[in-house]
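**Q** Take a look at the following structure, please.
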Amino acid sequence: MKFTLLIIDDEKNIRDGLAANFELEDYNVKTASSGEEGIELISKGDIDLVITDLRMPGISGEEVLKHVATETPGIPVIILTGHGSIDAAVDAMRHGAYDFLTKPLNLDQLGIIVKRALESREMKLEHQELKKSVESKAAFKGMIGKSPAMQKIQETITKAAASKASVLITGESGVGKEVVARAVHELSNRKDKNMVDVHCAALSETLLESELFGHEKGAFTGADHLQKGRFERAHGSTIFLDEIGEINQNVQIKILRVLAEKKFERVGGEQTINVDVRVVAATNKNLEEEIKAGRFREDLYYRLNVIHIHVPPLRERKSDLPLLMSSFLATFNEENGKSIKGFDNKAKSAMNRYDWPGNIRELRNCVESAVVMCSGDEITLDDLPPNVSSNNGEDTIQIPFGTTLDAAERIVIEQNLAANKNNKTKTAEILGIGRKTLQRKLAEWGIEESDGTESEE
Ligand SMILES: Nc1ncnc2c1ncn2[C@@H]1O[C@H](COP(=O)(O)OP(=O)(O)OP(=O)(O)O)[C@@H](O)[C@H]1O
Ligand SMILES: [Mg+2]
C-alpha cells in the first residue's frame, strides 16, 4: 500500500525538496504552501501523515495540529521547526504531535520518523478493527442465528449502534427483542454505562410516571424523599422502554418531550432536567394499528421509529433452529451436569415441524425440559413436551371426516398396536383401557383370537 504524505511549508524550496525526496521513497506526496491550504487537503481525506512547518504566516503548524487532533485524530503530525522555537515544538508534542525535527533537516532521520509513525498508525488501525470485531462478537454472543434475516438484523444493529438515533424493535413475544436492544447498547459508545430497562407494562400509570421521571419529596402521599427517575439515571447511556405499546397518553406526551427537547421535570418538581439519553423501545403490538385506534400518539411513533428493527418469528427463519437447538442443549447440559449428545431424528423432525408460537423463548424452555427429562444420551420424542412431540407426522393418526365411531376406534387401536410393535399391554395402557378389553375387541374384529394367552410379551 502506498501512503500519502502532506507537506506544509511556506518555503518553496523546502516543500519541493521534501516532496522529491519522499516521492523517490515511493510515497504519494501532496504539498501545501500554507496552513489554510493544508487543512483543506486534510479535510478532503486520504492523507496518512502530515509534515508541517511550525511558523507560517496565517494558520500556524500548531493550529494544523489542533485541527487534525479534533477532526481526523490518528493521523500522525510531524513538526518542523527552526532552532529558535524548540519550546514551541515541545509544546506541540504535548498537544499530540508525533515528533519534531529542527531545521536544517536531516532527511535520513526524517525518513525514519515517517516510517515509524506510519507503522504505528497502521498498527493502531488494525488494533481498532480487531477491537471492533471482538466487541461485535461479544455483543452478538447472546444472539444466535445465521439466517439471512438475522444477518440483516446484525448489520442494522451495527450501523444503528454508532448513532444516537432512537430505535424501535418490533416482533412477536419471545423473538428476542430484548436481546437486540442489549446488542444496540453494547455496540454503542455508551456501553461503559449500564443500559437502564423499564418494563412499561408492569407498572401502573402513576408509578410508571415517577419511575421514568422521578419525583420530588412530597410530590404525592408516600413520596417522603426525592427519587431520581430512570431517564435521569440513564444520562449518558441507553434507556430501554420495553412494551412501549402499553403506556398511556399522559406518559406518551412526556416521553415525546424527552425525545424532542431532551428535558423533563420530576413529578411534583419545577426544575427542568436535561439529559443525554439514547432511547430504544420495543413492542409486540402493531403500533400503526394502535395509532389508528387512537391509543398511541403518531408523533411519538415517528420519534421512536427512526431506526426500525423487526425481528421475524422463529417459524419464518427455521434455518436458525439447528444452531439454536445445539446452543441451548450445551447450556442446559452444563446447568444440569448432563452430557446429552443431541436430538434423534424423530425429535428433530417434530421440532422442525412445530410452529413455535412462543418463538425462541418457547424453544429454550422446550430444550431445557427435554434435557431434564432425557435419561439417555440423545433427546427423543418422549422427552419433548406433548405439543411439540405430537408434531411428528409419522406418529399422527389420520381419520377422515365421516368415519363412524366404531371404525375410528378400530383405526386408533390398530395403528397404536403397530406403533408399539404389537405389544398389547403397552397399547392398552396408552389407550387407557384394560388389556382384556383390547383383546376382546381384536377378537371381535377377527384380528386375533380371544384365547387369553400372553404370548406376545
Ligand atoms: N437469537 C437468539 N439467540 C439466543 N437466544 C435468544 C435469541 N433470541 C432470543 N433469545 C432468548 O429467548 C428468550 C426470549 O428473548 P427476549 O426476552 O429478548 O424476547 P422478547 O422479544 O423481548 O419477548 P417479549 O415480547 O415476551 O418481551 C431469552 O431467554 C433470550 O435470551
Ligand atoms: Mg422482552
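The values are calculated or read from the model by the stated rules, or taken from the named source; none is laboratory data. Predicted, not measured: the structure shown is a model, and the values here were computed from it. As a convention, Cβ positions derive from the backbone with ideal geometry for all residues, glycine included, and neighbour counts pool all protein chains shown. Note: accessible area is taken over every heavy atom of the protein model, side chains too, but ligands, DNA and RNA are not part of it. Shrake-Rupley method; radii C 1.70, N 1.55, O 1.52, S 1.80 Å.
**Q** Name the single residue, out of those in the stretch 343-375 being among the basic types (Lys, Arg) and away from ligand 2 (no atom under 16 Å from the Cβ), that is modelled with the highest pLDDT.
**A** In this case the residue turns out to be Lys348.
**Q** Separate question: Any residue in the stretch 77-95 that is closer than 19 Å to Leu125 by Cα and in contact with a strand residue (DSSP E or B) (Cβ under 9 Å, 6 or more places away or on another chain)?
**A** So far as the stretch 77-95 goes, yes, one or more of its residues are closer than 19 Å to Leu125 by Cα and in contact with a strand residue (DSSP E or B) (Cβ under 9 Å, 6 or more places away or on another chain).
**Q** Which pairs turn up if I take residues in the stretch 169-185 that are at positive phi and look for partners that are open to solvent by 10 Å² or more (accessible area, probe 1.4 Å) and assigned to a helix (DSSP H, G or I) with beta carbon separation below 8 Å, at least 6 apart in sequence or on another chain?
**A** Cβ pairs passing all conditions: Gly171/Lys177; Gly174/Ile360; Gly174/Arg361; Gly174/Glu362; Gly176/Ile360.
**Q** Does Ile86 fit the bill of being at pLDDT below 85 and surrounded by 12 or more Cβ atoms within 10 Å (Cβ to Cβ)?
**A** It is true that Ile86 is at pLDDT below 85 and surrounded by 12 or more Cβ atoms within 10 Å (Cβ to Cβ).
Conditions tested, residue by residue: (1) at pLDDT 90 or above; (2) of a type in the set (A, V, I, L, M, F, W, C); (3) open to solvent by less than 80 Å² (accessible area, probe 1.4 Å).
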residue: Ala92; (1), (2), (3): no, yes, yes
residue: Leu105; (1), (2), (3): no, yes, yes
residue: Leu118; (1), (2), (3): yes, yes, yes
residue: Lys124; (1), (2), (3): no, no, no
residue: Glu129; (1), (2), (3): no, no, no
residue: Glu155; (1), (2), (3): yes, no, no
residue: Val167; (1), (2), (3): yes, yes, yes
residue: Ser188; (1), (2), (3): yes, no, yes
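**Q** Let me ask you something else. What is the residue count in the stretch 322-366 for residues that are farther than 23 Å from Ala419 by Cβ and either within 11 Å of ligand 1 (Cβ to nearest atom) or touching a Gly at 6+ places or on another chain (Cβ under 9 Å) (or both)?
**A** Result for the stretch 322-366: 19.
**Q** Right, something else. Tell me, which helices (runs of 4 or more DSSP H) lie completely within the stretch 86-198 with 2 or more residues that are more than 15 Å from the chain's Cα centre (by Cα) and β-branched (Val, Ile, Thr)?
**A** Helices (runs of 4 or more DSSP H) meeting the threshold: 86-94, 107-139.
**Q** In the stretch 17-32, what residues are without any contact (Cβ under 8 Å) to a residue 40 or more places away in the chain, open to solvent by 50 Å² or more (accessible area, probe 1.4 Å) and either touching a strand residue (DSSP E or B) at 6+ places or on another chain (Cβ under 7 Å) or assigned to a loop (DSSP other than H, G, I, E, B) (or both)?
**A** Glu23, Asp26, Asn28, Lys30, Thr31
**Q** Please find, among Glu378, Glu335, Glu289, the residue that is farther than 24 Å from Met150 by Cβ, open to solvent by 50 Å² or more (accessible area, probe 1.4 Å) and assigned by TED's automatic domain parsing to the domain that holds Ala201.
**A** Just a single option satisfies the conditions, and that option is Glu289.
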